[in-house]
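Here's the structure, in structure tokens; my notes come after.
The values are calculated or read from the model by the stated rules, or taken from the named source; none is laboratory data. These numbers were taken from a predicted model, which means no experiment stands behind them. As a convention, Cβ positions derive from the backbone with ideal geometry for all residues, glycine included, and neighbour counts pool all protein chains shown.
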Amino acid sequence: MIQVGILFLTYTGALAQVIDIGHCPKVTVVDDFDVTKYEGLWYEIKKYYAIFEKDGQCITANYTLNADGTLKVVNSQISSQNGQSSSAQGTAKFVGSKTEGKLSVVFQSTIIQIPGPYWILYTDYDTLAVVYSCVDAFFSHATNVWILARAPKLSDEDLATAYTALEDNNLSKGPLQDTVQTNCKSKA
């Protein structure tokens, strides 16, 4: 059982890098979520550190509605080390109601294809989205947060709105790191 727990913590640690004691905090997601307005390209502005984005810059997420009601997810980034671009493709499905901003995502490139939570805490669809993921693992939990924007830069006012969404859900902005969104030409 301990080995399974270590494997689970290792896996969730790869998904989310802010690990804390106790269960995932209760959060409030968008309850009138409109997936068609959410579709399209989003730029990552800030995030909690995640190993799968190590050395990544110019990170984007593109969402396309599939005929079956799921979302095609394509996350792209450029390595700050060698300038090479890379991407990961996945599928997001609604968890519960299709009007609630709770989805789970599976990426085809992962060895273990366990769905990861992708919960939208806030979005205005045109400018800003705040996304949250948390996985319980025995006596602890692993959390990730992304602040996304429709443009490579976010105004101070919009960033303050994102911080308010985090504060309203008792999530810290302390672990947030800036994502570089300049000089975004790859060598590929």
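For the stretch 130-149, state whether one or more residues are in contact (Cβ under 8 Å) with a residue 24 or more places away in the chain, among the charged types (D, E, K, R), farther than 15 Å from residue 47 by Cα and out of contact with any Cys (no Cβ under 7 Å at 6 or more places or on another chain). No, the conditions are met nowhere in the stretch 130-149.
Does residue 99 meet the test of being among the β-branched types (Val, Ile, Thr) and more than 16 Å from the chain's Cα centre (by Cα)? Full working, then the answer.
Details: among the β-branched types (Val, Ile, Thr): yes; more than 16 Å from the chain's Cα centre (by Cα): yes.
So residue 99 passes the test.
For the stretch 49-63, how many residues are closer than 20 Å to residue 133 by Cα and either at pLDDT 95 or above or over 15 Å from the mean Cα position of the chain (by Cα) (or both)? Working first, answer last.
Within the stretch 49-63, the first condition is being closer than 20 Å to residue 133 by Cα, and the residues that meet it are 49-54, 56, 59-63.
Those left that are additionally either at pLDDT 95 or above or over 15 Å from the mean Cα position of the chain (by Cα) (or both): 59-63.
Count: 5.
Considering 92, 88, the condition of being crowded, with 19+ Cβ neighbours inside 10 Å and within 16 Å of the chain's Cα centre (by Cα) is satisfied by 92 alone. When every residue of the stretch 111-133 is checked against the conditions, none turns out to be touching a Gly at 6+ places or on another chain (Cβ under 7 Å), in a strand (DSSP E or B), surrounded by fewer than 20 Cβ atoms within 10 Å (Cβ to Cβ) and of a type in the set (Ser, Thr, Tyr).
Of all residues in the stretch 74-98, exactly one satisfies the criterion of being among the charged types (D, E, K, R) and assigned to a strand (DSSP E or B), namely 93. One residue stands out among those in the stretch 100-110 that are part of a strand (DSSP E or B) and among the β-branched types (Val, Ile, Thr): the one that is modelled with the lowest pLDDT, which is 106.
You will find that of 180, 130, the residue that is touching a helix residue (DSSP H, G or I) at 6+ places or on another chain (Cβ under 6 Å) and modelled with pLDDT of 95 or more is 130 and no other.
All of (1) in contact (Cβ under 8 Å) with a residue 60 or more places away in the chain; (2) surrounded by fewer than 20 Cβ atoms within 10 Å (Cβ to Cβ); (3) not acidic (Asp, Glu) hold for residue 104 with one exception: (1). Each residue in the stretch 152-172 was checked for being loosely packed, with under 14 Cβ neighbours inside 10 Å and part of a loop (DSSP other than H, G, I, E, B), and 4 of them qualify. Only one of the numbered conditions (1) modelled with pLDDT under 95; (2) assigned to a loop (DSSP other than H, G, I, E, B); (3) under 17 Å from the mean Cα position of the chain (by Cα) is not met by residue 186, and that is (3). The set of residues in the stretch 61-72 that are of a type outside the set (Phe, Trp, Tyr) and either without any contact (Cβ under 8 Å) to a residue 40 or more places away in the chain or in a loop (DSSP other than H, G, I, E, B) (or both) comprises 62, 64, 65, 66, 67, 68, 69, 70, 71, 72. Going by the structure shown, is residue 62 polar (S, T, N, Q) and closer than 24 Å to residue 158 by Cα? Here the answer is yes, as residue 62 does meet what is asked.
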